[in-house]
Amino acid sequence: MDLILWGVFPYLVVVLLMAGLVWRARYDRFGWTTHSTQVHESRLLSIGSPLFHFGMAFVVVGHVVGLLIPKTWTDAVGLSDHTYHLLAVTTGSVAGVAAAAGIGILVYRRFKVAAVKKATLKSDHLMYTFLLGAMTLGIVATLLNSTGAMGDYNYREGVSLWFRSLFTLQPDYALMGQAPAAFQLHVIFGLGLFLLIPFSRLVHMFSAPLKYLFRPYVVYRSRDPKQPVAQRPTRRGWEKVGS
């Protein structure tokens, strides 16, 4: 079971993620969107969305630092384990609470505002389940680990080593098999969330509006409201160059 969960399943998720993105781009290009519901309600969205997105940005950075940077590197720069864990817990807690508060507002908005609820897709229910599950389990695992409820377990010598071993195509699945249940469930929900990305509104995270940087300026001009439109002099605007 450990081999399947921690040695095979992560690679299966990556394969399905890439295949799903290619399929979505080819056959559902116009569905590659957030399916924004801002037109239905904007007050709660303007609060919950920034909280969630900025909180998640810092959560992702924290995961990158915790999983990809070896302990020997932080030791080399003189960062003690106590200082590292103190920084990780404080910054991670703030980011996690912000993201959790934001997603809580968004979930409340989606199921309590009638127009937004009507615009909710079937995939949203599964997506919110895995998203809330991964976030909740991550917070629980962090709290249990920081309070010593997991004993002397150090995720930097277990979960982190397993994660980095995936990139060498030699997964040390035994390390995850020995991890506390909270970390294992957090990873499973996280992998499930990645698996859902191509088939839900989360696909928008792989979109980048690069063309926006190179488009012409949108020119706005004011006019005298007392002057009739027919009497306004023509002004030069954007014109096509060449034939």
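Which one is farthest from Val203 (Cα to Cα), of the residues in the stretch 1-34 that are among the aromatic types (Phe, Trp, Tyr) and without any contact (Cβ under 8 Å) to a residue 40 or more places away in the chain? Outline the logic, then answer.
Looking only at the stretch 1-34, we keep the residues that are among the aromatic types (Phe, Trp, Tyr), and these are 6, 9, 11, 23, 27, 30, 32.
Next, from what is left, pick out any that are without any contact (Cβ under 8 Å) to a residue 40 or more places away in the chain: 27, 30.
On the way: Tyr27: 14, Phe30: 12 Å.
It comes out as Tyr27.
In this structure, does Phe54 turn out to be in contact with a helix residue (DSSP H, G or I) (Cβ under 7 Å, 6 or more places away or on another chain) and either among the aromatic types (Phe, Trp, Tyr) or assigned to a helix (DSSP H, G or I) (or both)? Show your work before the answer.
Values: in contact with a helix residue (DSSP H, G or I) (Cβ under 7 Å, 6 or more places away or on another chain): yes; either among the aromatic types (Phe, Trp, Tyr) or assigned to a helix (DSSP H, G or I) (or both): yes.
In short, yes.
Within the stretch 1-14, how many residues are of a type outside the set (D, E, K, R), over 19 Å from the mean Cα position of the chain (by Cα) and part of a helix (DSSP H, G or I)?
Pass one, the stretch 1-14, residues of a type outside the set (D, E, K, R): 1, 3-14.
With over 19 Å from the mean Cα position of the chain (by Cα) added as a condition, the list becomes 1, 3-9, 11-12.
With the extra rule that they be part of a helix (DSSP H, G or I), the set shrinks to 3-9, 11-12.
Summing the residues that are of a type outside the set (D, E, K, R), over 19 Å from the mean Cα position of the chain (by Cα) and part of a helix (DSSP H, G or I) in the stretch 1-14 gives 9.
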Per the filter on the stretch 1-43, residues open to solvent by less than 70 Å² (accessible area, probe 1.4 Å), within 13 Å of Phe199 (Cα to Cα) and among the aromatic types (Phe, Trp, Tyr) are Trp32
Considering residues that are open to solvent by 60 Å² or more (accessible area, probe 1.4 Å), polar (S, T, N, Q) and closer than 20 Å to His63 by Cα, the number found within the stretch 147-177 is 2
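Within the group Leu175, Leu169, which residue is assigned to a helix (DSSP H, G or I) and either touching a Gly at 6+ places or on another chain (Cβ under 7 Å) or at pLDDT below 95 (or both)?
Numbers: Leu169 fails: assigned to a helix (DSSP H, G or I).
Sole residue among the options that is assigned to a helix (DSSP H, G or I) and either touching a Gly at 6+ places or on another chain (Cβ under 7 Å) or at pLDDT below 95 (or both): Leu175.
Pick from the stretch 32-51 the residues that are part of a helix (DSSP H, G or I) and within 19 Å of the chain's Cα centre (by Cα): which of them is nearest to Gly104 (Cα to Cα)?
Taking the stretch 32-51 as the starting set, the residues that turn out to be part of a helix (DSSP H, G or I) are 43-51.
Among the residues that remain, those that are also within 19 Å of the chain's Cα centre (by Cα) are: 45-51.
Numbers: Leu45: 11, Ser46: 13, Ile47: 11, Gly48: 8, Ser49: 10, Pro50: 12, Leu51: 10 Å.
Taking the candidates together, the pick is Gly48.
Residues that are free of Cβ contacts under 8 Å to residues at least 24 places away in the same chain and under 24 Å from Ile188 (Cβ atoms): which helices (runs of 4 or more DSSP H) entirely in the stretch 60-156 hold 1 or more of them?
Values: elements: 71-76, 81-112, 114-118, 122-146.
The qualifying helices (runs of 4 or more DSSP H) are 122-146.
If you scan the stretch 130-144, which residues turn out to be open to solvent by 20 Å² or more (accessible area, probe 1.4 Å) and touching a Gly at 6+ places or on another chain (Cβ under 9 Å)?
In the first step, residues of the stretch 130-144 are kept if they are open to solvent by 20 Å² or more (accessible area, probe 1.4 Å); the result is 130, 132, 135-137, 139-140, 142-144.
Residues satisfying the conditions are Phe130, Leu132, Met135, Leu137, Ile139, Thr142.
Among the candidates Val107, Val89, which residue alone is within 17 Å of the chain's Cα centre (by Cα) and within 18 Å of Ala134 (Cα to Cα)? Spell out how you get there, then give the answer.
Values: Val89 fails: within 17 Å of the chain's Cα centre (by Cα).
Exactly one residue qualifies, and that residue is Val107.
The values are calculated or read from the model by the stated rules, or taken from the named source; none is laboratory data. As the structure is a computational prediction, the values presented were derived from the model and not from experiment. Glycine also receives a Cβ, built like all others from the backbone with ideal geometry; neighbour counts cover every protein chain displayed. We work out accessible area using only protein heavy atoms, side chains counted, and drop any ligands, DNA or RNA first. Shrake-Rupley method; radii C 1.70, N 1.55, O 1.52, S 1.80 Å.
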